[in-house]
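The values are calculated or read from the model by the stated rules, or taken from the named source; none is laboratory data. The shown structure was predicted, so the numbers you read here are calculated from the model rather than taken from an experiment. Positions of Cβ are backbone-derived with ideal geometry, glycine not excepted, and every protein chain shown enters the neighbour counts. Calculation scope for accessible area: heavy atoms of the full protein, side chains included, ligands and nucleic acids excluded. Shrake-Rupley method; radii C 1.70, N 1.55, O 1.52, S 1.80 Å.
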Amino acid sequence: MLFYSDIDPNFDGYVLNCKNFVNYSYIDAVENYIKNQQLEKAEFNHNDSDKDLDAIRRSKIHWMTDERYKDDLMPLYNDLTTKIRQVNNRQWKWIIDGWDAFQYSEYDESYKGHYDWHIDYTMKTPNQPLSRKISFSLGISEKDEYEGGELMTKMNTNENSYKLDKGELFLFPSWMLHKVTPVTKGKRRVIVGWGLGPVV
């Protein structure tokens with residue numbers, strides 16, 4: 001039995017967005033956890049010290065790994081990853097052996113929060129034999145709480161735009177180019193995460 005509703009009938013083999021993927025009690029639990037956390041400026045891996053990093057990414061984040069709240073976090077991880085596994089088993093059947101830490105992210109109008117084109121895919125290393133294979137974004141904000149902040153994907157020259165609503169999940173392969181456009185009003189809040197698996 002599936003636990004979500006209203007899969008986009010335009011599923012093209014790569015991208016899925018599912019409305020009402022989690023209920024509001026799940027969102028409430030996330031917000032209760034986050035209110036006790038400090039956010040930090042988001043960073044990203046790069047090799048060019050001359051780049052204007054704020055021009056590439058501007059947001060505030062929290063890695064959802066606070067051991068003091070492990071009893072609160074584990075149900076959030078278990079609930080969401082179980083449902084994503086069900087989608088994967090139905091649509092892609094990729095081998096997923098585990099999950100990277102969830103990241104809570106905020107994009108605020110005060111600094112025109114955004115994230116330019118990038119991929120989430122990670123290469124296998126001696127310390128990390130698994131790679132990111134599935135990426136997800138889960139809406140925490142109502143979509144009318146912010147303007148801008150669209151999640152865009154790119155395949156070849158084709159670009160698509162999505163505006164996440166509260167409880168809505170966007171799921172895509174980690175090698176796909178994507179970005180978050182600048183938030184011009186309000187605050188966009190999401191949880192992002194990655195399913196890990198062997199490189200084949």
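Below are the figures for this structure:
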| quantity | calculated |
| --- | --- |
| Å² of accessible area per residue within region 100-200, as computed with a 1.4 Å probe and no ligands counted | 43 Å² |
| Rough spin-label spacing in nm, given labels placed 7 Å along Cα→Cβ, for Gln128 and Asn158 | 3.0 nm |
| Accessible-area ranking of Ser141, Ser161, Ser110, largest first, probe 1.4 Å | Ser110, Ser161, Ser141 |
| Residues listed by number, region 160-200, amide nitrogen under 17 Å from Trp94 label point at 7 Å toward C-beta | 169-179, 192-200 |
| Helix-derived mean residue ellipticity, 222 nm - over the chain, DSSP H n ≥ 4, -39500 (n - 2.57), to 500 | -6000 deg cm²/dmol |
| Segment Ser25-Val199, extension gain: residue separation times 0.36 nm, minus the distance between their alpha carbons | 59.1 nm |
| Carbon and sulfur %, accessible surface of the chain computed with the full protein complex present, 1.4 Å | 47 percent |
| Length released on extending from Trp63 to Tyr111, taking residue separation times 0.36 nm less the Cα-Cα span | 15.2 nm |
| For region 110-167: rounded, prolate or oblate by the Cα gyration tensor [a/c cutoff 1.5] | prolate |
| Accessible-area order (highest first, 1.4 angstrom probe) of the listed residues Met64, Met152, Met123 | Met123, Met152, Met64 |
| For region 48-200: span of alpha carbons on each principal axis (Å, largest first) | 38, 37, 33 |
| Filter on Lys35/Lys187; Lys93/Lys187; Lys19/Lys70; Lys60/Lys185; Lys112/Lys143; Lys70/Lys112 - keep pairs with C-alpha separation over 23 Å | Lys93/Lys187; Lys19/Lys70; Lys70/Lys112 |
